Each structure stands twice: as C-alpha cells, then as structure tokens.
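> Have a look at this one.
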Amino acid sequence: MLARPHITEVSGWGRTAPTAADVRRPTSSTELRRALPTRSVRGLLARGLGRGYGDCAQNSGGTVVETTDVDAFTIHDADPADDTVLVTAEAGASIDRLLHALVPQGLFVPVTPGTRYVTVGGAVAADIHGKNHHRKGSWCQHVISLHLQLASGEVVEVGPERDPELFWATAGGMGLTGVVLDATFRCPRIASSRLLVDTDRAADLDEVLALMATGDHAYDYSVAWIDLMAGGKATGRSVLTRGRFATAEEASAATGADPLAYRAGVLAPAPPWVPDGLLNKLTVRAFNELWFRKAPVSRRDELQTIPTFFHPLDMVGGWNRMYGPAGFLQWQFVVPFGSERALRRIVEELSRAGCTSFLAVLKAFGDGDPGPLSFPAAGWTLALDIPTGVRGLGPLLDRLDELVASEGGRVYLAKDSRLRPELVPVMYPRLDAWREVRRRVDPEGRITSDLARRLRL
Amino acid sequence: MRDALGAVQSVLVLGGGSEIAGAIVDRLVGARCRTVVLAAREPDALDPTLDRLRAAGAATAEAVAFDALDPGSHQATIDAVFDRHGDIDMVIVAFGVLGDQATFDHDPVAAAEAASANYVGAVSASLVVADRFRRQGHGTLLVLSSVAGVRTRADNYVYGSTKAGLDAFAQGLGDALVGTGARVVVVRPGFVHTKMTEGRPPAPFSTTPDAVADAVMAGLAKGREVIWAPPVLVALFTVFRVLPRAVWRRVSAR
Ligand SMILES: Cc1cc2nc3c(=O)[nH]c(=O)nc-3n(C[C@H](O)[C@H](O)[C@H](O)COP(=O)(O)OP(=O)(O)OC[C@H]3O[C@@H](n4cnc5c(N)ncnc54)[C@H](O)[C@@H]3O)c2cc1C
Ligand SMILES: NC(=O)c1ccc[n+]([C@@H]2O[C@H](COP(=O)([O-])OP(=O)(O)OC[C@H]3O[C@@H](n4cnc5c(N)ncnc54)[C@H](OP(=O)(O)O)[C@@H]3O)[C@@H](O)[C@H]2O)c1
C-alpha cells in the first residue's frame, strides 16, 4: 500500500471531535496485511463500520485501515446434533451480512448489539454484548480463535487456549493489541426467524429492577427502555421486553411456509440535513410520552421479527445526524448488583438535568469474562444518548463517573468520548496487566488511537 | 486530545500574559487540561500564574519566550513547544496591543508596530501552528479577534483594522483547514475589563475576562466557529454591520 496518503477526517458515530488520518481501504486480506509494519510516525489503527460512538476508531495524523471490504466468511460443516456451528469471518464482515447468510440456514450470531452494522473486528475489539448477556456473556466468549497481526507485521493465532493473555487483552482491547484479521466463533441454531416476546410496562425504576431481578432468568433476551425525561414519581418508568426465538410451529402464524425467512432493510434514511434543535426537549418529551403510553401494560407471546426486536434503530439510516452538526455522545456504565441506590441517584440526576435523551437502555449483565478491558461485569448497565449542547453536561457526567467508579463500576470505552483519564485505572483495575501485554506485542506503541491518546491507555 | 465536549488536554497560549486567555486557561485546567505552555515576551514574569495553574491541577506548566514582533522566530519557538510536549490540542492567539488612536495619528511608526504585532505576528504564528495541526491531524486554533474589527470606529480604527485583518485571516485559515482535523475558532469579545482597557471609558455591554471565558467554553462545547462575548453582541453587530456610514459615524461616536 504505497498509495499516496488519502487524508480524510474521521469521527465516531456521535460525530464529535473528528480528526484527520490517512485512511486506507484494502480490498483483500493480502492487501490488509501489507499495512503493517507501518511507517507512519503516528502509527496505525484498524477501523470497522465506525459504530463506536467516540474516538476509539480514530488515529489523528496516522493511518487508519478500514476493513469493511475484507469481509469473506465461511460457515463450517457441523453435526446436526451440535447446538452451535462454527463460522470463520474476516474482520470486515458485518453482522448485517452474516445474518443474511446465517438466518435462512437456521443460525444466528452468538451476540448482537443494538445495531447490525458492526464488523467482526469491532465486535472483538469492543467485546460487544447484547440482550442475552445475562445468559451467554459477551462476543469473545464465543470466539475460539482469531488471527491477529501485530505491529511488527507478524501474524499470530490466539484463542482462549492459545496465548490466552494476548487473546483476552484483544477482547475489549479497542484495537490496540493488533489488527484482527479474522475470527472463528460459535453460532447458535435457531428454528425460526421470529421471536416470542413478552412486554411489561413498569411505572418506575423500582418496579423495572424488580421485574428484571426476578424474571430475567426465564428469558434468553432481555432489555428495558427507560424514559429519562420523566421526573417525579414517574422517574425511571420503563418498558421491559424479553423473549426467545420461536419454534417453527410457534412462528408459522407469522412466517407462513418458510419459518426462517429473513428480511432486513433500511426503511427511511434520515434527511441529509435536519435543523439543529429538531430534537429539543419538547419533541423528545412528546416522543417518549407517546412511546410509553403506546406500550401495553403487559403483553405475552407476541411474535416479532429479528430487526424489530434487535435492531429497531437500524430502520432509520444515518439517524445520528438528527442531533445536528455538534453531535452527541453516549454514556454507558455498569455498576455491580447491590449498587441500586447509586443507580437510582444517577437516574434521578439525569432526569433532573433534563438531558434531551431518547429512551435509555437498561439491562442486567451476567458475569464478565477475563478480558482486562472488557466492559461487561455482573450488575446493572445503563446507556443513553445525550446531545453535546446540554448545559453543564461535562461536570454532571464527571460527577456521575466518580460515583460509578466509587461503586466499583465502569464506563464502556467503545462509547466513551470524554472520560477523565485518571479514572481509567480505577474503573479497569487490571489496566496494568493489559498494558504489559500491549508492551510485549507492541513495545513502541505503533498501533494506537485517539482514544488511547486521550485516556493515556 | 479534544473530547466530545470541547475540553482539551494541552494548550499553548501565544501572548501568555493575556487576562482573557488566563481566564480561559483556568477553565481548561479545571476541566481536562494538564499541559499549559504560556508564550510571552517576559516569561519570567509569569511564575505566579504557573504556580496557580499547577495548584489547580496542571501537571506541566511552563513559560517560554515569544515576541509577536519577531515573525522570524515563530517557527523555532512553536516547533520547540510541539516537539517537547507531543500533541498540543489548542493554541490561543491572545497577544495584542490596543494602543491609543490619538497617539497613532501623530506616530505612524507606532501604528505600524501595533499592526505588526496584532496582524502580521498573528499571521506568521498561526501558519506555523496550522502546519503542526495538519501533521498531528487535529487541533483547535482559538483566535482572539474583536468586535472592533467587525466595524471599525473613528476613535480606534488602527486597532480595529488590525482585528479586521486578523478576523478575515482566521476565517480563511479555518476554511482552508477543513478536512485536516484542525479548526479555527474566532472569538469576538466586546469591551472587556483587562489591563489592556484600563482607564478607558467602557463601551455598552462591557464584560469581564471570566464572562468571556464562560462564553468561549460554551461555544467550544457546541462546536461553534465564531463566539461572541457577550453573546448579545451578535445581534447588535448584525445591525451595526449594515448601517449606512453616516449613521454608523453617529452611533459609534463617543
Ligand atoms: C446504535 C448503536 C447501538 C449499539 N449497541 C451496542 C450494544 O448493544 N452492545 C455493544 O456492546 N455495543 C453496542 N454498540 C457499539 C458497537 O457495537 C461497538 O462500538 C463496535 O465496536 C462497533 O463496531 P465497528 O465495526 O463499527 O467498529 P468501529 O467503530 O469502526 O471500531 C470500534 C473499535 O474496534 C476496533 N477495531 C475495528 N476493527 C478492528 C480490527 N479488524 N482489528 C482490531 N481492532 C478493530 C477499532 O480500532 C475501535 O477501537 C452500539 C453502537 C451503535 C451505533
Ligand atoms: N480587553 C478587551 O476589551 C478586548 C476586547 C476584544 C478583544 N481583545 C483581544 O483579546 C486579546 C487579549 O487581550 P486582553 O484583554 O487579555 O489584554 P492583555 O491582558 O493586555 O493581553 C494582551 C497580551 O498581549 C501581549 N503582547 C502584546 N504585544 C506582544 C508582543 N509583541 N509579543 C508577545 N505578546 C505581546 C501582552 O504581553 P505583555 O504582558 O508582555 O504586555 C499581553 O499579555 C488581545 O488580542 C485583544 O486585542 C481584548
């Protein structure tokens, strides 16, 4: 790749703090491999579909390698008796593409985030979680091996049994241990492309926490949407949706002859330019109100499609532009079970601050994995979008970060765009162990990112 | 690095003794900024400021010699700062002299010197910074312009014209830097009570360095390219800008 530098500004999904880099887009894995070792003094970073919210997929002044055209994958043969099937996918393969191939064959991805437009490389680097975390853990717990190209250019194969330190440092390592070239992971079988969904409306935070604590174990997938703009007695009012994949028979009412039929499209692109302030306090409050009233108090066994249940936001293409040119950020944290008082305080403070936030997402995580920088850990996780223009937002989130840290919790680096660097070692107490692995494979720090610079990882 | 809310981690102030810049730097350090370099004609005089910044949380605070009137030295001075500290997330162009129009009327050399400091010096220093920003792929150049440059007044047109030039230069540079990760933010304060304006009769809507700094922080968080301080001036000068000359002469006469 001796092509002339192609300097372009890149940003994360929140569109804040863009920086410029020499952006390359190799079209084959051979070409991808030629990017390392890098000659750029500001190093190199792999980037997938840019769904990380903050600066994790940016490398200012250096090289950024977009993997999205390196996206081949293989579904391995399996014994019909096995309940999972191995898939090997190149780093740039998206969950969107995988689903189009997997679902008709009666397979699903082990974990899906709230958008299907993420790559396998990004899934490994952020060790992503989904609605099934309480049961199945995060992405890397389903990976049996991956090929990683180190800063030196050397390609190594790692897995939970093969150089586990490097494997787990790569799981959630935000691309900083090397470039993931491909990964092999277990995919679960499904009998239909429909989910059987139960919906419960909760009047306040206590109620939704109680519902989750007592009932989640009965469901494969669970998540609550919480209205942070509701205050007073309604603080924390939520709609909880939980479900599992339907059997072919259960799904037949909706699917007809083909229980595995799968269609996922973008219904409407967001207009290219939306007036600043379309999303203001009033419109968002009205939206949230409507949405809450629309939800049934309780509904059982509703059939939903995969896009409706897992990826509702993907129905509007480029919705991140609706927040206007100044962009927005996402704040996601987890606090351990037992920290419900802190969780309540955070919800109250956010709703009092009047952050213009569409629904926030609340979920109970299961246990974390060995990745020193992997985000999920047993406890409550809350994620919300906030436009950057909210008054006093910086100090508010700084205070809430402190609270999260003091409870033994942490924020999600894939979404971070503003954490105080001093808090990283507190939130991720095994940071030094991770740094040691990184020093071993990249002593000069040639693989780096704006996130790494900002947080001094 | 700059974060999503406009907070930076390192800053270089050209004209390090400026009271307005001082108020801005206090806020930057209060947020995320840990490296502060003040560039001034007399760096030693800034020791108390550096102590204050360290006490407020700056891990690195230093002063270096810098003279706006010596453009030939700008490259070396500014490069040295970037080389020593790594990324500089923000550079504030804060130096400037107000001068006295009555004196300028009879001392063209003094007027030319003010123009050299305010305009020529800013051009050369900003271009050095822009080059470093391009190479690091990011950076915010905060330029302290003035409403005096938006429409020049008979009683300070030398100063006003230097700011008009500076403002135009900064806007052009900002446009030229689009796509490079670097950006230019133009700040247009009105009358601010600082040592620069000491003893002068305050203009309507006069303000303080702290208020200007608050407006700057709010503007940075919102990603603004132009920041007026106080914000009401944007409305006022939208009108002033289009007034017929004869009317403007009367409005601006004091
Ligand atoms: C609407 C929305 C909903 C989301 N919901 C969830 C959710 O429910 N759960 C969850 O966990 N996350 C969620 N996310 C976050 C998203 O899953 C992660 O940020 C994911 O990493 C994005 O993948 P990407 O391909 O877009 O990677 P990018 O955003 O391009 O990059 C993310 C990180 O991965 C690294 N990376 C990418 N490719 C490689 C590679 N080949 N080798 C090494 N490193 C690489 C990058 O360097 C960067 O650090 C959501 C994001 C959005 C926008
Ligand atoms: N105050 C206002 O009403 C007002 C309004 C609009 C815009 N501004 C602009 O805001 C900026 C900051 O002003 P301020 O109010 O903070 O005033 P200030 O405190 O007087 O700051 C101006 C600084 O410029 C420095 N300076 C002057 N000539 C220099 C040179 N040749 N080389 C290096 N530094 C030089 C001065 O250094 P020394 O300490 O060595 O003298 C002083 O520290 C200026 O550009 C000013 O024009 C001010």
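The values are calculated or read from the model by the stated rules, or taken from the named source; none is laboratory data. Since the model is a prediction, treat every value here as computed from it, not as a measurement. Virtual Cβ from ideal backbone geometry, glycine too; neighbours counted across all protein chains shown. For the accessible areas, the whole protein counts, side chains as well, though only heavy atoms, and no ligand, DNA or RNA atoms are used. Shrake-Rupley method; radii C 1.70, N 1.55, O 1.52, S 1.80 Å.
> Using a probe of 1.4 angstrom, how much of the accessible area of the protein assembly as shown is carbon and sulfur, in percent?
Carbon-and-sulfur percentage of accessible area, whole number: 55.
> Of A:138, B:161, which has the most accessible area with a 1.4 Å probe, and how do the rest follow in descending order?
Per-residue accessible area, sorted high to low, gives B:161, A:138.
> I've got another one for you. Roughly how crowded by other chains is peptide B:3-14, in terms of the mean Cβ count from those chains within 10 Å of each of its Cβ atoms?
Other-chain Cβ atoms within 10 Å of each residue's Cβ, averaged: 6.
> With a 1.4 Å probe and all protein chains kept in place, how much accessible area does residue A:200 have, in Å² rounded to the nearest 10?
Accessible area, nearest 10 Å²: 10 Å².
> Just to confirm a number: summing +1 for Lys and Arg and -1 for Asp and Glu over residues other than residue A:217 whose beta-carbon lies under 11 angstrom from that of residue A:217, what do you get?
0
> Now for a different question. What is chain A's relative contact order, in percent, from Cα pairs under 8 angstrom and six or more apart in sequence?
Relative contact order for chain A comes out at 18 percent.
> Given that compact globular proteins tend to follow 2.2 N^0.38 Å, what is the ratio of the alpha-carbon Rg of chain B to that value?
0.97
> Less than 13 Å Cβ to Cβ from residue B:164, Lys/Arg counted +1 and Asp/Glu -1: what total charge do the surrounding residues give?
Overall, the nearby charge balance is +4.
> Take residue B:73 and residue B:105, extend 7 Å from each Cα along the Cα→Cβ direction, and tell me the distance between the two endpoints in nm.
So the two model labels end up 3.4 nm from each other.
> Name the residues of region A:16-30 whose accessible area, probed at 1.4 Å, falls by at least 40 Å² once all protein chains are in place instead of their chain on its own?
A:17
> Using only the alpha-carbon atoms of chain A, report the extent along each of the three principal axes, biggest first, to the nearest angstrom.
So the three principal-axis extents are 59, 55, 43 Å.
> Okay, moving on. Count neighbours as other Cβ atoms within 10 Å of each site's Cβ, and list the chymotrypsin sites (Phe, Trp or Tyr not before Pro) in region A:53-120 that are DSSP loop with at most 16 such neighbours.
Within region A:53-120, no chymotrypsin sites (Phe, Trp or Tyr not before Pro) qualify (loop, at most 16 other Cβ atoms within 10 Å).
> Relative contact order (percent) for region A:333-385, with alpha-carbon contacts under 8 angstrom and 6 or more residues of separation?
Contact order relative to length: 47 percent.
> With a 1.4 Å probe and every protein chain left in place, tell me how much accessible area residue A:225 has, in Å² to the nearest 10.
60 Å²
> Hey, with R₀ at 25 Å, roughly what FRET efficiency would residue A:100 and residue A:252 work out to, going by the Cβ-Cβ distance, to 0.05?
Approximately 0.70, to the nearest 0.05.
> Using only protein heavy atoms and a 1.4 Å probe, report how much of residue B:138 is accessible, in Å² to the nearest 10.
10 Å²
> Still on this model: Per DSSP H run of at least 4 residues, take -39500 (n - 2.57); add these up for chain B, divide by its residues and hand me the 222 nm value, nearest 500 deg cm²/dmol.
-14000 deg cm²/dmol
> Using the alpha-carbon centroid of each, what span in Å lies between region B:192-254 and region A:353-425?
Cα centres, region B:192-254 to region A:353-425: 39 Å.
> If I require 27 Å or longer along the helix axis, counting alpha carbons, and a Kyte-Doolittle average no lower than 1.6, what helices from chain B are left? Use full DSSP H segments.
Helices meeting the criterion: none.
> Can you give the FRET efficiency for residue A:39 and residue A:72, using 1/(1 + (r/R0)^6), R0 = 30 Å, r = Cβ-Cβ distance, to the nearest 0.05?
That pair, residue A:39 with residue A:72, gives E of 0.60.
> Once the other residues with Cβ under 12 Å from the Cβ of residue B:146 are scored (Lys, Arg +1; Asp, Glu -1), what is the net sum?
+3
> Taking a 1.4 Å probe, which of A:444, B:19 shows the most accessible area, and what order do the others take after it?
A:444, B:19
> Check the straight Cα-Cα distances from residue A:363 and name the lysines below 26 Å, setting aside those fewer than 8 residues away within the same chain.
Cα-Cα hits under 26 Å: A:131, A:136, A:233, A:281, A:294, A:415.
> Given a Förster radius of 51 Å and the C-beta distance between residue A:344 and residue B:203 as r, what FRET efficiency does 1/(1 + (r/R0)^6) yield to the nearest 0.05?
It comes to 0.50.
> OK, next. Mind checking A:391-401 for the average number of partner chain beta-carbons within 10 Å of each residue's beta-carbon?
Counting other chains' Cβ atoms within 10 Å and averaging over A:391-401 gives 2.
> Counting other C-beta atoms within 10 Å, and keeping those with at most 12, which DSSP coil GluC sites (Glu not before Pro) do you find in region A:143-250?
Listed in order of number, the matching sites are A:154, A:161.
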